[in-house]
1. Any idea what the dipole of chain B comes to, in debye rounded to 20, about its Cα centre with Lys/Arg Cβ at +1 and Asp/Glu Cβ at -1?
2. With just the Cα atoms of the range A:1-141, tell me how far they stretch along each of the three principal axes, in Å, largest first.
3. May I ask you to compute the full-extension gain from residue A:126 to residue A:69, defined as 0.36 nm times their residue separation minus their alpha-carbon distance, rounded to one decimal in nm?
4. Over what distance in Å are the Cα centres of the range B:89-135 and the range B:55-83 separated?
5. Rounded to two decimals, what is Rg over Rh for the protein assembly as shown when you use alpha-carbon atoms and the Kirkwood radius?
6. Calculate the FRET efficiency for residue B:14 and residue A:49 from the Cβ-Cβ distance with a Förster distance of 45 Å, rounded to the nearest 0.05.
7. Of A:13, A:100, A:125, which has the largest mean-square fluctuation in a 10 Å C-alpha GNM of chain A?
8. Pick out, from B:91, B:56, B:122, the residue whose Cα sits farthest towards the positive end of the charge dipole of chain B, with +1 on the Cβ of Lys and Arg and -1 on the Cβ of Asp and Glu.
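Just so you know, all these numbers are worked out from the coordinates, no wet-lab data involved. Computed from a predicted structure; not experimentally measured. Don't worry about glycine lacking a Cβ; one is built from the backbone with ideal geometry, like all the others, and counts go over all protein chains shown.
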Amino acid sequence: MNKLILLVADHPIAQKQILGVLQERGMCIDLSVAKNSVEAMALLQRKGKHADAPRPDLILLDLNLSGKDGREVLAEIKSGEKLKQIPVVILAVSTAEEDILEAYNLHANCYITKPIDLGQFVEIIKSVQNFWLTIVTLPPSQTP
Amino acid sequence: MLVEDNPGDAKLALEALKVGRLRYEVHVVEDGEQAINFLRREGEYADAPRPDLILLDFNLPKKNGRQVLAEIKEDENLKYIPVMVFTVSKAEEDVLRAYDLRANCFITKPSEIEQLFKIVKSIEDFWLNIVKLPA
C-alpha cells in the first residue's frame, strides 16, 4: 500500500515546490495537502467532509502557517491519542535556537530549516523523503 | 550517545559512524540504568555531557529500552533530545509503542553488515547534516 504524506503549507509557491519534488521522484506515495491549520486538523480529526479521510503516514508541517500557528497544530497532533504516533517533520524558516527547542519540546519528530536557495531546498526535501520513506520504519498504517 | 548492550553491535555501529568524516563524540552505555544515569548525570556520570542525539536499542538489560524512552520523553529537561530507536524488531506493536512513547523515529536494525553500514551512514547524513538539532 502506498504511504500517504500530508503536506500542511499555506504558501502556494512553497506548496507547489514541495509537491513537485515529492511527486517527481517516482516513489509509491499518495499526497494530500492542507492549506491551513484548520483544514489540517479537520482532515486529521475527520471532521465534516473529511469523515472518510485516511490517516497520513507522515506529516510535513510548515511552521509558518498563517492563522492558527503551526506550533498549535503540532501541539494538537502530539497531544491527540490517535494522532501522536504520526511522525511530524517541521519545515521552518527560523534557525533561532528557542524556536528549534520549542518544536522538539512539543515532540516534533525532526526540525528542518528551509534554505532560500531553491536547489538546496529541493535536495533537502529529497533527503527528507528518502530518510522517512526508505530508512525509517513508520508506524503501521491505520485503517479509517 | 549509543545505548546498546551487545558489544559486537556497538562496535559495528561505531565503526560505521567512524566511516563518516564528521567530527563528533560517541558515548556508549550498555544498559538502561546506565543510560538514565548518564542523562541525569548521576553517580559516576556527574560530568557527562548532554548528548545531541540518542540511538537507543529496545532490548536492554536492567531497564529496557521502552522504559528508558518513556523516562526521557517524560523528563522536562531531557524530552527535547531526539531519540532514534534502533533495534532488530519490526513487530508492529514495538513500532507503534515506540512512536506512542514519542520516539523521534524507529529504525529497524538490519542483520547484514553492509546494510547496517548503509543505514548508519544514512542516519548520520540525515540527522547531522540535514536536520537542525536542538542546541
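1. Using only the charged Cβ atoms, the result is roughly 440 debye.
2. Ordered largest first, the range A:1-141 gives principal extents of 38, 36, 29 Å.
3. Answer, rounded to one decimal: 17.9 nm.
4. Centre-to-centre (Cα) distance: 14 Å.
5. 0.96
6. My answer for the efficiency is 0.30.
7. Residue with maximal mean-square fluctuation among A:13, A:100, A:125: A:13.
8. It is B:122.
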